[in-house]
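Report on one structure; see the data block that follows.
The values are calculated or read from the model by the stated rules, or taken from the named source; none is laboratory data. Here the structure is a predicted model, which means the values were calculated and not measured. Here the Cβ positions follow ideal geometry from the backbone for every residue, glycine too, while neighbour counts run over all protein chains shown. Quick note on the areas: whole protein, heavy atoms, side chains included, nothing else; ligands and nucleic acids left out. Shrake-Rupley method; radii C 1.70, N 1.55, O 1.52, S 1.80 Å.
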Amino acid sequence: MDEDFDTVLVEFDDETGVGTVTMNRPDALNALNGQLRDDIVAGLRRLEAENEAAEGVALRAVVLEGAGEKAFCAGADVGGFSSDSAGASSEPSHYEFIREFPVPVIAKIDGYCLGGGLETALACDFRLASEDSAVGFPEVNLGIFPGAGGVQYVTKLAGPAVAKELAMTGDHISAERAADEGIINHVYAEDEFEDAVDEFVTDLAGQAPLAIQTIKQSASMAVQSGLNEGVAYDGQLFAELLQTDDHAEGAAAFGEDREPEFQGK
């Protein structure tokens, strides 16, 4: 399945179970406007629909990337800010939709990843970057700040000092430093980037899909709850997984010394 929306390209590989959503505004460095935000959500919904047509889990992982050679996403269109519209929509933002999406979403960062683009990447489960990439929050130069949770995300990942430095100075930092601070998961050399991302995503997509979805739910709960509440939640999820066909297949494959064939059931 290949499908085009106004500002994103959507692809699905039914052999690996990997979907790709490409932000397709390269002339604007894939800057976020209202249409792009809506199309990211629409593209993810289109990929999620693959599971409805399958017996089990067809979609195992999603890669979110930017078109062109300069940017993942260089932030929001400056003319698109509106205090009147902030928080007014009853629909989930694309940030929320990514965070709550049932399968892992991997931000494939090659080039600038700034402002709302960085907040979009931070909403993803993993951030993989090329060594020439740069991240930052330039909003302070416009008299505002990263208001979609950027300071919150970076504070949780890297601590308040790093979050305040990025948001208060507006400076860009290298992908290498961002990885050192825990903001990015992995950084790869330019000539290794494509293959390394493909290998990471393919390996992830090959894991037991219901277990992967459960881990995402557990990690989300850990951010929002106390330890006792989170441990109790994990116990409930674990009990549910014990009843799945995937668990039975994994146990059988272990006993038979073979690779498991998970179906997401």
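If you take the square roots of the eigenvalues of the alpha-carbon gyration tensor of the range 176-221 and sort them as a ≥ b ≥ c, do you get rounded (a/c under 1.5), prolate (a/b over b/c) or oblate? Mind dumping the intermediate values first?
Numbers: a/c = 5.72, a/b = 1.39, b/c = 4.10.
Taking the square roots of the gyration eigenvalues as a ≥ b ≥ c, the range 176-221 is oblate.
Order of 128-139, 5-16 by packing, highest average Cβ count within 10 Å first?
My ranking of the peptides, most packed first, is 128-139, 5-16.
Using a 1.4 Å probe on the protein heavy atoms, what percent of the accessible area of the range 132-193 belongs to carbon and sulfur?
52
Between rounded, prolate and oblate, where does the range 96-146 land on the alpha carbon gyration tensor, with a ≥ b ≥ c its root eigenvalues, rounded for a/c under 1.5, else prolate if a/b exceeds b/c?
Verdict is oblate for the range 96-146.
Considering only the other residues whose Cβ falls under 15 Å of the Cβ of E139, what net charge follows from Lys and Arg at +1 and Asp and Glu at -1?
-3
Could you name the aspartates and glutamates in cross-link range of K265, using Cα to Cα under 18 Å and dropping any fewer than eight places away on the same chain?
D14, E15, E48, E50, E52, E55, E240, D245, D246, E249
Just the C-alpha atoms of the chain: what Rg/Rh do they give, with Rh taken as the Kirkwood radius?
0.98
Output the peptides 142-150, 17-25 sorted from most to least packed, where packing is the average of other Cβ atoms within 10 Å over each peptide's residues.
Per-residue Cβ counts within 10 Å, averaged per peptide and sorted highest first, yield 17-25, 142-150.
If you line up the Cα atoms of the range 11-80 on their principal axes, what length do they span on each, largest first, in Å?
In descending order, the Cα extents are 44, 23, 12 Å.
Taking the 0 to 90 degree range and rounding to the nearest ten, how far is the long axis of helix 160-169 tilted relative to the main principal axis of the chain, both from C-alpha atoms?
40
Per-residue ellipticity at 222 nm for the chain, helices alone: DSSP H runs ≥ 4 residues times -39500 (n - 2.57), over residue total, nearest 500 deg cm²/dmol?
-12500 deg cm²/dmol
Applying a 10 Å radius around every beta-carbon, put 246-253, 41-48 in order of their mean neighbour count, most first.
Taking the mean over residues of other Cβ atoms within 10 Å, the ranking is 41-48, 246-253.
Is the C-alpha gyration tensor of the range 119-242 telling us rounded, prolate or oblate? Criteria: a/c under 1.5 is rounded; beyond that, a/b larger than b/c is prolate, otherwise oblate.
The shape class here is oblate.
Taking the full set of protein chains and a 1.4 angstrom probe, give the accessible area of Y153 in square angstrom, rounded to the nearest 10.
We get 40 Å² for Y153.
With only alpha-carbon pairs counted, each pair once and no self-pairs, how large is the Kirkwood hydrodynamic radius of the range 1-48 in angstroms?
Radius from the Kirkwood sum: 10.9 Å.
Straight-line reach from K70: which aspartates and glutamates have a Cα under 16 Å away, not including same-chain ones fewer than 8 places off?
Of all the aspartates and glutamates, those that pass the test against K70 - Cα under 16 Å, at least 8 places apart if same chain - are D27, D110, E131, D132, E190, D191, E194.
Taking the Cα centre of each part, how many Å lie between the range 98-149 and the range 178-243?
That distance is 17 Å.
How much area per residue is accessible in the range 179-265 when the probe is 1.4 Å and only protein heavy atoms are counted (Å²)?
Accessible area per residue: 64 Å².
Please give the helix 34-48 orientation as an angle from the longest Cα principal axis of the chain, in degrees from 0 to 90, rounded to the nearest 10.
10
On a 0 to 90 degree scale, rounded to 10, what angle separates helix 209-224 from the longest Cα axis of the chain?
Once rounded, the angle reads 50 degrees.
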